[in-house]
1. Among 375, 179, 296, which one shows the highest mean-square fluctuation when the chain is modelled as a Gaussian network with alpha-carbon springs under 10 Å?
2. Taking the chain as the reference, fit the longest principal axis to its C-alpha atoms, fit the long axis of helix 366-376 to the helix C-alpha atoms, and give the angle between the two in degrees, 0 to 90, nearest 10.
3. When the chain is modelled as a GNM with alpha-carbon springs shorter than 10 Å, which of 103, 249, 351 fluctuates the most?
4. Alpha carbon centre of the stretch 269-325 versus the stretch 226-259: separation in Å?
5. Hey, how many Å between the Cα centroid of the stretch 95-131 and the Cα centroid of the stretch 196-217?
6. With a 10 Å cut-off between alpha carbons and a GNM built on the chain, which of 360, 185, 289 moves the most?
7. Over the chain, what is the relative contact order in percent, taking alpha-carbon pairs closer than 8 angstrom and at least six residues apart?
8. Return the FRET efficiency for the residue pair residue 108, residue 145: r is the Cβ-Cβ distance, R0 is 35 Å, and the value is rounded to the nearest 0.05.
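Any read-out appearing in this document is the output of simple, stated calculations on the displayed coordinates, not a laboratory observation. Owing to the predicted nature of the structure, the values given are computational and were not obtained by experimental measurement. Virtual Cβ from ideal backbone geometry, glycine too; neighbours counted across all protein chains shown.
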């Protein structure tokens, strides 16, 4: 009995020593690579969350030994995303100090599969990658099919027909992908995996959701540079996102008269940022003209703010495109005060503001604009008397 008790206490001692020796100020990655090519001799640890936003710097490197094993020990400072670069393959890793991670991959497996233990967040980022890869494959198939068939198009009518067939498929796939990713983000808002999935969303189309997500994660990942940059962006864009009061401003219109946003209080107004030199804007203008004719008697007002710096080019474009509503410009392109307040980074850009001065839609064009206006003005109470 005493021998058993002694052995029990020895076992406890060994476990306690092992736990106490675990470095809480760094994380460890023990990796194994089966079947590496002869020229694959080094594994690299790349930093994703570094202050460098364009390139991923090499944080550390480790030589593969004769058994194709490598070891990293790195003091991260805060939970962060890293990438393991081994030969031509790259693997996502989320790690924090204190993690003891084991990694294994087979270099001969072109599907880039890997086994990992010791990092729950890395398991979650693998879930996200599966979602992303699935829809990426569908996108590739659609674009490849379209590319193959467009080569045999005999005329513009054939080309237009192919585009009309494949573009909705492409847009539907992108939409379904974004919805799945957004669900993943919301389901994993306590994980860095959710954050990195959120970064893949279109920040213009999903601005409202991303701003709300930023409020949820505001205090969850202190010190993470990528998260801090995202939170700064969300804080700056929040005042001009959907659901918030549109900031007032005063401009000089085409007739040299002052125009204020507050002049339109009690009315629906669309602020349309555009420029004569912007080809996407000019292509959208006929649709805006169509929407104005259809909904002006129901209560739609438009104020176009041009990013031109040439008054004559501006006036000529207004006349050519038959833009019959009110116009203003600061002639400072993207550097005008109003453009700064509304964070205009690309055009065309628009804001639809309700009679209470709240932004109810943003950056919708084409059929999306018509659908929104149809829904908004379906109620007869908006009709102008």
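1. The residue with the greatest mean-square fluctuation here is 375.
2. Once rounded, one gets 70 degrees.
3. Highest fluctuation among the options: 249.
4. 20 Å
5. 25 Å
6. Looking only at 360, 185, 289, the largest GNM fluctuation is found for 289.
7. It comes to 12 percent, rounded to a whole number.
8. On the way: r = 31 Å, r/R0 = 0.87.
So, using R0 = 35 Å, E works out to roughly 0.70.
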